[in-house]
Amino acid sequence: MPPIRVLNVAEKPSVAKEVSRVLSNGGCTNRRGASQYNAIWEFPYTVMGQRCDMVFTSVTGHVMGLDFPPSHRGWNTCNPRELIDGARVVKQVDKGKEKVAENLRKEASRCAWLILWLDCDREGENIAFEVMDICKQSKPGIRCLRARFSALSHNDVTRALARLVDPNPHESAAVDMRQELDLRFGSAFTRFNTLLLQRSGVAARLPGADADGKGNIVSYGPCQFPTLGFIVQRKWDIDAHVPENFWKIKLSHAVGQGREASIAEFEWSRDRLFDEHLATALFAAVRGAGQAVVTREGGTESKKWPPHPLNTLEMQKRLNRAIRVSPEQIMKLAEELYQAGFISYPRTETDKFPHDFDYRTSIEQLHPHPKFGFHAINLSGGRFRQPPGGGHDDKAHPPIYPTKLASTQDYASWRNRNSRLIDVYEFVCRHFLASCSLPAVAHKTTVEIDMGGERFKATGNMIKELNYLEVYGKGPAGGPVLQPSYDGWSSNTIPSYVVGQRFQPTELSLRPGRTQPPPLLSETDLLSKMEAHQIGTDATQAQHIEKVVGERGYARKVGDNRLMPTELGEALCEGYARMGLAGMWLPHLRAETEADTGRVARGEMNATVALRNAIGPAIDAYRGLEANKQRLVDAVTEF
């Protein structure tokens, strides 16, 4: 019986190349196909007990996209309101992707099976159905199978071939629905904003406008506006802050001299008071007492627990704090490492490893690493703790973990191309090792005192065992210094006390202060808010931030990685709020749409129902815009 010819399609050329290399043990051949950027790799393999001639090619992301027919594409061809509901939407091969589609049709015509190696998330499932549709144009009866994998290691890809499944139409339908809503709403409100400001003459004064005021598109996006809204709302919270004076009692006690001194900083149980007269009276009573009396002293063991296994959001937040790289750039670097086989799939909500995860192999491969191999060896030697994990599981991918030890040559290559690749790779390795480690242990001492009827408390901390902090902090004492540090726990010793002991404070004062407004949001803060309000997904949240800050110019970075709205960004939120449409940039509407998208993906809701749920409120909002459009013009003019 002759071998079955099987077409395999990956989401990116680098993935097709790597999977072909792994499955063929480096024995694959390659040739050029109809698309110059999507090479074709060939090798023999056995799939489900059948001899196969594997033909492996790729796409480059989505091959098809949604658009309106020509009758509604021109900016002045219709009332933008028609785009929300009345206009038809068509899905077709994107401009510039014709050769990719031709490559798929040509190769599929000579194959009996199609194995889909697209990324295992909703977006990848949608691309898988695009590939299927195109391949069936030349081979209607081709058998379609889905490979599900989370890393490009030998174990993962061979396991994927042994467990081929059917493609998931629900996940694909959810993406089609979201794309249609984004196209309809984004096009309608962007056209409304832009045409209104052009016709009113305001557009000529916007940044980047041409002399005739038509060079600047005032874009609206169903996710980008709520993302902008978080930034603007924090700025308004700061503007609305009214400082208040307060007073607090500072009390400290030092034993010993100079560098040998041990100091206890006591915190007032009232923290601070906003009544100066009461604060002054209480301070007078404390000072009049002359001495403090120890009322309670005790020590307990305290533990600082390792982080949960790594998901996308935590990777973005922790790396953004540590190395000051944008979440969007972090994802690009992680994608590059994944495609080269160094880490597992980096877009995942999961923070708990499956029960059959192979910790031993993943840890042992890191033994030779010159910086943190010592910790991997310790884990293998009996210091391992199976991470309990958190409460997130997207049912598609495990947490992010290292899949291959980087060599000296790999490091040299990364330094030449982009040294940030080293930062991301080492973070993934160190986080994985930390999550498999014992907690840090310290002896915590608490002392409570009374002075003049007021209570104060001091706390000391003496670290006994670093454990996970050896690899996640600055490194062990006398060992390699690890930079950057992703976590820490400071030791501070305080003098020894016994209950009933009396002492005179070294410092006793009443200090004035003023309340401070909250800080501007950082990118890490913004990611947390987007997660809490379900704005975007782990795969898209960084893109929305980049769009608001980088592409649209609605916000900018200031100071220590903080986000400030631009005048235009603030004006748009103010204008929509004046029209009674703050819901367009508040997170609630988009959160409802994201929840419906999840229901469609799980097969719990029909996509048509979810579309109607979102379109109704959008039509009402558009009517509000038409009725109150001068308020938007006025707001943009003022700002």
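Of the helices (runs of 4 or more DSSP H) contained entirely in the range 95-209, those carrying at least 3 residues that are assigned by the TED database to the domain that holds E604 and closer than 30 Å to L568 by Cα fall at 169-200.
Among the residues of the range 248-255, is any among the polar types (S, T, N, Q) and surrounded by fewer than 19 Cβ atoms within 10 Å (Cβ to Cβ)? Yes; the residues of the range 248-255 include at least one that is among the polar types (S, T, N, Q) and surrounded by fewer than 19 Cβ atoms within 10 Å (Cβ to Cβ). Considering (1) surrounded by 15 or more Cβ atoms within 10 Å (Cβ to Cβ); (2) outside any helix (DSSP H, G or I), say which one L319 fails and leave the rest. Looking at each condition in turn, L319 falls short on (2). Just one of the listed residues (T29, T60) is more than 36 Å from the chain's Cα centre (by Cα) and surrounded by fewer than 19 Cβ atoms within 10 Å (Cβ to Cβ), and it is T29.
Just for the range 133-165: of the residues that are in contact with a helix residue (DSSP H, G or I) (Cβ under 7 Å, 6 or more places away or on another chain) and farther than 23 Å from R105 by Cβ, which one is surrounded by the most Cβ atoms within 10 Å (Cβ to Cβ)? Among those that are in contact with a helix residue (DSSP H, G or I) (Cβ under 7 Å, 6 or more places away or on another chain) and farther than 23 Å from R105 by Cβ, it is L152.
Contact map, the range 566-588: first residue among the basic types (K, R), second residue at pLDDT 90 or above, Cβ cut-off under 9 Å, separation 6 or more or different chains; pairs are R578/N628; R578/R631; R578/L632; R578/D634; R578/A635. List the residue pairs whose Cβ atoms are under 7 Å apart, where the first residue sits in the range 363-385 and is under 15 Å from V481 (Cβ atoms) and in contact (Cβ under 8 Å) with a residue 60 or more places away in the chain, the second is of a type in the set (K, R) and in a helix (DSSP H, G or I), and the two are 6 or more positions apart or on different chains. Listed by first residue and then by second, the contacts come to F372/R430.
Let's see how each residue does on (1) buried (at least 22 other Cβ atoms within 10 Å of the Cβ); (2) farther than 30 Å from K395 by Cβ; (3) of a type outside the set (D, E); (4) in contact with a Ser or Thr (Cβ under 8 Å, 6 or more places away or on another chain):
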{"site": "I40", "(1), (2), (3), (4)": "yes, yes, yes, yes"}
{"site": "M48", "(1), (2), (3), (4)": "no, no, yes, no"}
{"site": "R51", "(1), (2), (3), (4)": "no, yes, yes, no"}
{"site": "H72", "(1), (2), (3), (4)": "no, yes, yes, no"}
{"site": "C78", "(1), (2), (3), (4)": "no, yes, yes, yes"}
{"site": "R88", "(1), (2), (3), (4)": "no, yes, yes, no"}
{"site": "Q92", "(1), (2), (3), (4)": "no, yes, yes, no"}
{"site": "G96", "(1), (2), (3), (4)": "no, yes, yes, no"}
{"site": "L104", "(1), (2), (3), (4)": "yes, no, yes, yes"}
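Just one of the numbered conditions (1) in the same structural domain as L508 (by the TED database); (2) modelled with pLDDT of 95 or more is not true of I263: (2). Any idea how many residues of the range 468-513 are among the basic types (K, R) and within 35 Å of the chain's Cα centre (by Cα)? Adding up the residues that qualify gives 1.
Every test in (1) open to solvent by 50 Å² or more (accessible area, probe 1.4 Å); (2) under 30 Å from V499 (Cβ atoms) is passed by I463 save one, and that test is (1). When residues in the range 279-298 are screened for being of a type outside the set (A, V, I, L, M) and open to solvent by less than 60 Å² (accessible area, probe 1.4 Å), 3 of them pass.
Put simply, of P387, P354, P368 the only residue that is in a loop (DSSP other than H, G, I, E, B), under 19 Å from L152 (Cβ atoms) and either open to solvent by less than 10 Å² (accessible area, probe 1.4 Å) or not aliphatic (A, V, I, L, M) (or both) is P354. Take T515 and decide whether it is more than 30 Å from R420 (Cα to Cα) and open to solvent by 80 Å² or more (accessible area, probe 1.4 Å). No.
Kindly establish whether D450 is part of a strand (DSSP E or B), touching a helix residue (DSSP H, G or I) at 6+ places or on another chain (Cβ under 9 Å) and open to solvent by 10 Å² or more (accessible area, probe 1.4 Å). It is true that D450 is part of a strand (DSSP E or B), touching a helix residue (DSSP H, G or I) at 6+ places or on another chain (Cβ under 9 Å) and open to solvent by 10 Å² or more (accessible area, probe 1.4 Å). Give me the pairs, please: first residue somewhere in the range 449-461 and on the phi > 0 side of the Ramachandran plot, second residue anywhere and of a type outside the set (K, R) and outside any strand (DSSP E or B), beta-carbon distance under 7 Å, and either six or more positions apart or on two chains. Close Cβ pairs (under 7 Å, with a partner that is of a type outside the set (K, R) and outside any strand (DSSP E or B)) amount to G452/A285; G452/V286; G452/G288; G452/A289; G453/A285.
Kindly evaluate F384 against the criterion of being aromatic (F, W, Y), under 25 Å from P439 (Cβ atoms) and modelled with pLDDT under 95. When the stated conditions are applied, F384 does not pass them.
All of E260, E267, E276 fail the test of being touching a residue at least 12 places away in the same chain (Cβ under 8 Å), within 18 Å of N461 (Cα to Cα), of a type outside the set (S, T, N, Q) and open to solvent by 50 Å² or more (accessible area, probe 1.4 Å), apart from E267.
Which residues, counting only those in the range 499-546, are part of a strand (DSSP E or B) and small (G, A, S)?
Across the range 499-546, the qualifying residues are S509, G513, S522.
Screening the range 3-61 for strands (runs of 3 or more DSSP E) wholly inside it with 2 or more residues that are closer than 15 Å to A108 by Cα returns the ranges 4-10, 40-47, 50-58. Could you list all residues from the range 213-247 that are open to solvent by 50 Å² or more (accessible area, probe 1.4 Å), more than 22 Å from R556 (Cβ to Cβ) and not in a loop (DSSP other than H, G, I, E, B)? N245 - this is the single residue of the range 213-247 that is open to solvent by 50 Å² or more (accessible area, probe 1.4 Å), more than 22 Å from R556 (Cβ to Cβ) and not in a loop (DSSP other than H, G, I, E, B).
The values are calculated or read from the model by the stated rules, or taken from the named source; none is laboratory data. Predicted, not measured: the structure shown is a model, and the values here were computed from it. Virtual Cβ from ideal backbone geometry, glycine too; neighbours counted across all protein chains shown. These area figures cover heavy atoms from the full protein model, side chains too; ligands, DNA and RNA do not enter into them. Shrake-Rupley method; radii C 1.70, N 1.55, O 1.52, S 1.80 Å.
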